[in-house]
1. I'm told residue 205 meets every condition in (1) surrounded by fewer than 24 Cβ atoms within 10 Å (Cβ to Cβ); (2) part of a loop (DSSP other than H, G, I, E, B) except one. Can you identify the failing condition by its number?
2. If you take the residues in the stretch 208-247 that are closer than 22 Å to residue 268 by Cα and part of a strand (DSSP E or B), which one is nearest to ligand 2 (Cβ to nearest atom)?
3. Could you list, in sequence order, all residues of the stretch 149-177 that are surrounded by fewer than 22 Cβ atoms within 10 Å (Cβ to Cβ) and within 16 Å of ligand 2 (Cβ to nearest atom)?
4. For residue 275, state whether it is assigned to a loop (DSSP other than H, G, I, E, B) and not β-branched (Val, Ile, Thr).
5. Kindly indicate whether any position in the stretch 275-288 is of a type in the set (Val, Ile, Thr), more than 15 Å from residue 323 (Cα to Cα) and in contact with a Lys or Arg (Cβ under 8 Å, 6 or more places away or on another chain).
6. If I ask for residues that are farther than 16 Å from residue 190 by Cβ and either touching a Ser or Thr at 6+ places or on another chain (Cβ under 7 Å) or not β-branched (Val, Ile, Thr) (or both), which ones from the stretch 96-110 would you list?
7. With the stretch 78-144 as the region, which helices (runs of 4 or more DSSP H) entirely inside it contain at least 2 residues that are open to solvent by 20 Å² or more (accessible area, probe 1.4 Å) and among the aliphatic types (A, V, I, L, M)?
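The values are calculated or read from the model by the stated rules, or taken from the named source; none is laboratory data. Computed from a predicted structure; not experimentally measured. Note: ideal-geometry Cβ built from the backbone for every residue, glycine included; neighbour counts use all protein chains shown. SASA here: full protein model, heavy atoms, side chains in, ligands and nucleic acids out. Shrake-Rupley method; radii C 1.70, N 1.55, O 1.52, S 1.80 Å.
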Amino acid sequence: MLIRSHDNGFHHPHASEITPRSAYLQRRAWLQYLAGGAAAAALPVRAAGVERPGKLQALAATASQAAGAQTMERVTAYADAAQYNNFYEFGLDKGDPAKHAHTLKTRPWTVRVEGLVQQPQTLDIEALLKLAPQEERTYRLRCVEGWSMVIPWVGYSLAELLRKVQPLGSARYVEFVTLADKAQMPGLRSGVLDWPYTEGLRLDEAMHPLTMLAFGMYGEVLPNQNGAPVRLVVPWKYGFKSAKSIVAIRLTEREPGTAWNKAARNEYGFYSNVNPDVPHPRWSQATERRIGEDGLFAKKRKTLLFNGYEAQVGQLYASMDLKKFY
Ligand SMILES: Nc1nc2c(c(=O)[nH]1)N[C@H]1C(S)=C(S)[C@@H](COP(=O)(O)O)O[C@H]1N2
Ligand SMILES: [Mo]
């Protein structure tokens with residue numbers, strides 16, 4: 001990870017210095033951002049304080065001011081975020097998506113918005129990119145497998161799109177359908193999941209400002225293996241809810257099936273909120289390993305309810321038994 005220094009030139013930090021210094025710069029950038037006004041204008045475009053990796057096309061964005069949108073935790077190295085992936089359409093090993101997703105064609109690309117809406121439409125990816133201002137939000141992402149990362153995503157609230165298409169009064173859920181093309185995705189030969197990979201949210205979860213339609217990360221367009229050209233990011237739910245390479249968004253009256261729920265009903269529920277008190281049937285969910293901190297003596301972190309976003313999303317589940325609706 002390169003480190004930006006605002007006023008005293010570039011320093012080659014000692015390896016031992018990298019962590020504290022980058023955390024310090026992030027915090028300082030954020031304080032300046034909060035100070036607002038002229039200070040904000042002098043800031044790097046990205047509050048995360050992490051230099052663009054310079055691998056893919058830049059995607060400009062302003063730092064989101066939404067509550068909960070900027071964790072102060074250290075951002076995961078781009079190399080880890082782009083090379084340790086789950087994207088079963090390209091294979092089951094963590095390194096497979098980065099190796100094989102170059103065959104994914106992200107242009108032309110359209111997303112159908114259909115079902116119980118006033119204005120069903122098929123949007124070209126270029127139009128979708130411009131539908132609302134691009135914002136950067138640094139979210140934790142926790143996988144049900146027990147690891148987590150901190151990633152600066154670029155995109156906007158899914159609510160922006162949903163408001164445009166005007167859900168009908170009967171719409172209660174949103175289903176996300178992703179690409180399933182054998183010619184581009186070697187993993188479809190495996191029967192582990194029922195393709196296409198689909199996911200779902202309750203309409204109020206989908207409308208929550210933190211639920212994001214993401215087009216980029218680290219200031220650039222998404223690498224194919226991270227779900228280009230457009231994916232969902234739902235920071236308080238296990239990673240598998242954040243469907244990659246979306247081709248359709250469908251509003252429904254009934255709770256939609258989801259890929260993991262169909263594959264193993266007793267292991268993956270519809271809600272899939274990060275919850276340390278509800279173990280997966282085969283392992284605990286109480287702790288997690290932060291990718292990049294996985295040295296021999298690295299301590300595991302305690303997993304937080306709703307992945308630490310309880311203040312923002314807790315009220316969505318106020319009357320629900322979260323052990324029953326896991
Ligand atoms: N289409 C599709 N989307 C998917 C998956 C997948 O296999 N296929 N895996 C999910 C899982 S289990 C996780 S943890 C996240 C990982 O996102 P990342 O690789 O960008 O970190 O993507 C989710 N979205
Ligand atoms: Mo996952």
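1. Going through the list (1) surrounded by fewer than 24 Cβ atoms within 10 Å (Cβ to Cβ); (2) part of a loop (DSSP other than H, G, I, E, B), residue 205 breaks only (2).
2. Of everything passing the filter in the stretch 208-247, 237 is nearest to ligand 2 (Cβ to nearest atom).
3. 149, 150 - these are the residues of the stretch 149-177 that are surrounded by fewer than 22 Cβ atoms within 10 Å (Cβ to Cβ) and within 16 Å of ligand 2 (Cβ to nearest atom).
4. On the way: assigned to a loop (DSSP other than H, G, I, E, B): yes; not β-branched (Val, Ile, Thr): yes.
It is true that residue 275 is assigned to a loop (DSSP other than H, G, I, E, B) and not β-branched (Val, Ile, Thr).
5. The initial filter retains those residues of the stretch 275-288 that are of a type in the set (Val, Ile, Thr), namely 278, 287.
Adding the requirement that they be more than 15 Å from residue 323 (Cα to Cα) leaves 287.
Those still in the list that are in contact with a Lys or Arg (Cβ under 8 Å, 6 or more places away or on another chain) too: 287.
Taking every residue of the stretch 275-288 in turn, at least one turns out to be of a type in the set (Val, Ile, Thr), more than 15 Å from residue 323 (Cα to Cα) and in contact with a Lys or Arg (Cβ under 8 Å, 6 or more places away or on another chain).
6. Of all residues in the stretch 96-110, those farther than 16 Å from residue 190 by Cβ come to 98, 102, 104-110.
Once the filter is applied, which keeps residues that are farther than 16 Å from residue 190 by Cβ and either touching a Ser or Thr at 6+ places or on another chain (Cβ under 7 Å) or not β-branched (Val, Ile, Thr) (or both), the stretch 96-110 yields 98, 102, 104, 105, 107, 108, 109, 110.
7. On the way: elements: 78-81, 96-100, 125-129.
It comes to 125-129.
For every residue, the table says whether it meets (1) of a type in the set (A, V, I, L, M); (2) within 15 Å of the chain's Cα centre (by Cα).
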{"residue": "156", "(1), (2)": "no, yes"}
{"residue": "168", "(1), (2)": "yes, no"}
{"residue": "172", "(1), (2)": "no, no"}
{"residue": "193", "(1), (2)": "yes, no"}
{"residue": "198", "(1), (2)": "no, no"}
{"residue": "203", "(1), (2)": "yes, no"}
